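Everything below concerns the one structure shown next.
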Amino acid sequence: MATAISFAQFIRLSKTSVFLHGNGLRSFTNSVSFSSASSSALSSPQLLKKKWRQPVVSVLELGGTKIAKDDVIRDDPTNNVPDTIFAKLGMQLHRRDKHPLGILKNAIYEYFDTSYSNKFDKFDDLCPIVSVKENFDDVLVPADHVSRSYNDTYYVDSETVLRCHTSAHQAELLRRGHTHFLVTGDVYRRDSIDSTHYPVFHQMEGVRVFSPEDWSESGIDATSYAAEDLKKCLEGLARHLFGAVEMRWVDTYFPFTNPSFELEIFFQEKWLEVLGCGVTEQEILKRSGKADNVAWAFGLGLERLAMILFDIPDIRLFWSSDERFTSQFSTGQLGIKFKPFSKYPPCYKDVSFWINESFTENNLCEVVRGIAGDIVEEVRLIDNFTNKKGMTSHCYRIAYRSMERSLTDEEINKLQWDVREQVQNKLNVVMR
Ligand code: FA5
Ligand code: MG
């Protein structure tokens, strides 16, 4: 816990500044002998051979590689992957044609295929377990960036993470010579809990590389040319998906693009950030042997777009296997509006404690999620004060609500009891 104080500071930072949270990925698809030789075989074989032994029990198949639970949840002091997260690996919601995320992915493919005559190469099966290098270093994420912290990212070991953005695949695909590509995949982040945040979600990365002849006749410089093209492309995509919709561009910062932007769409009475993008840092192109080119890149949140498109009110619903959810969607149908099948009232429970220096909200959310799973709808700080002795108290309101059934008082009281107990034991805080 030696670094816990700085994580806490980092978290405060990350909540106030607009930028990438945690991200990182390496695919280890061709690292072991039984992997398929598919287009998704991007990897660092030496590293993998060293770190990954062939699983004894094959539980999952990711990007052509079999992975056992103890390859992911390891006896390593840096490992912070809980069972609930392991359970999500390999679900690949984005590859199901009847799932809202699959329908959306296909609709975006259609837009790119039509607008760019099938020029974009598509990847949707790259392994979500990637190296720290791929996730962070290759996209120029500084050594002290908040997203690298154990508080924000799931580490398998000190050199390996569950990717926290699809940008983790950018550099390797560029090195391999791809100039137009889309990468769709599940990404993992330790994060807060509410209706638009979930520790596993899906992103689609897009990259387009330009050659000097593309911009030389335009009369504007290469960077402005790429930025204009990028915005045009994404506005076109938004229109393709939504028709008329209220949207706005916001300037932001990412370590791997400059200038950088976010696109927000007005949804449920609020501006919702749906994607980040920008003109690729020249250093990334240089390292991939494309010093004379310019490129743009974007990373969009599929759940956020799908919530708007299908009127899905809560991000947890994407994981529901309840037929009343799944049966409402069909292949290729974008226009469908989700009809809520249950409106059970939420049940609120508060928990108050004196925090210590190592306390972080992400750690609290992880504890709550570990106990209540998808029954927890939101964890929200409702009171925060520091007394004369310098002790700080936090009160969190936890909303429990199932998307699928009504909960009994007894069940909720038991959950809340367990939360109190584990918050005290695992986070070492003093209950009030
Ligand atoms: C990134 O992850 C950058 N890699 C995006 C990027 C790519 C920028 C290429 C520039 C060039 P960010 O952390 O903002 O950025 O996440 C991108 C999108 O993912 C967000 O706009 C949002 O739509 C979605 N997102 C982020 N966190 C969550 C979450 N916890 N739950 C659901 N969706 C999320
Ligand atoms: Mg963002």
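Rule-based calculations on the coordinates, nothing more; no lab input. Everything numeric here is computed off the predicted structure, so don't read it as measured data. Note: ideal-geometry Cβ built from the backbone for every residue, glycine included; neighbour counts use all protein chains shown.
With coordinates expressed along the principal axes, the C-alpha atoms belonging to the range 100-225 extend over 48, 36, 27 Å, beginning with the largest.
For GLU323 and GLU246, what does the FRET efficiency come to when R0 = 51 Å and r is the distance between their Cβ atoms, rounded to the nearest 0.05?
Working: r = 34 Å, r/R0 = 0.66.
The value I calculate is 0.90.
Taking the C-alpha atoms only, the angle from helix 4-16 to the longest principal axis of the chain is near 60 degrees. Taking N as the residue count of the chain, its C-alpha radius of gyration divided by 2.2 N^0.38 Å amounts to 0.99. Of interest is the spacing of the C-alpha centroids, which for the range 319-372 and the range 182-258 amounts to 27 Å. Label the range 347-431 by shape, choosing from rounded, prolate and oblate, from the square roots a ≥ b ≥ c of the eigenvalues of the Cα gyration tensor; if a/c is under 1.5 it is rounded, and otherwise prolate applies when a/b is larger than b/c, oblate when it is not. Prolate.
Axis of helix 222-242 versus longest Cα principal axis of the chain: the two differ by about 60°, to the nearest ten degrees.
Seen against the Cα atoms of the chain and their longest principal axis, helix 409-427 is set at about 80 degrees. Bridge orientation summary for the chain: considering DSSP beta bridges with both residues in this region, about 95 percent are antiparallel. One way to sum up the overall shape of the range 244-354 is the equivalent ellipsoid from its Cα gyration tensor, whose semi-axes run 36, 20, 15 Å, largest first. When the helix-only estimate is applied to the chain (DSSP H runs of n ≥ 4, each -39,500 (n - 2.57), divided by the residue count), what is the mean residue ellipticity at 222 nm, nearest 500 deg cm²/dmol? Only helices count here, giving -8500 deg cm²/dmol. Give me the net charge of PRO255's neighbourhood, meaning all other residues with Cβ under 12 Å from the Cβ of PRO255; Lys, Arg count +1, Asp, Glu -1. Summing Lys and Arg as +1 and Asp and Glu as -1 gives -4.
At 0.36 nm per residue, minus the direct Cα-Cα distance, what do ASN425 and SER211 gain on full extension? Give it in nm, one decimal, please.
Additional length available on full extension: 71.3 nm.
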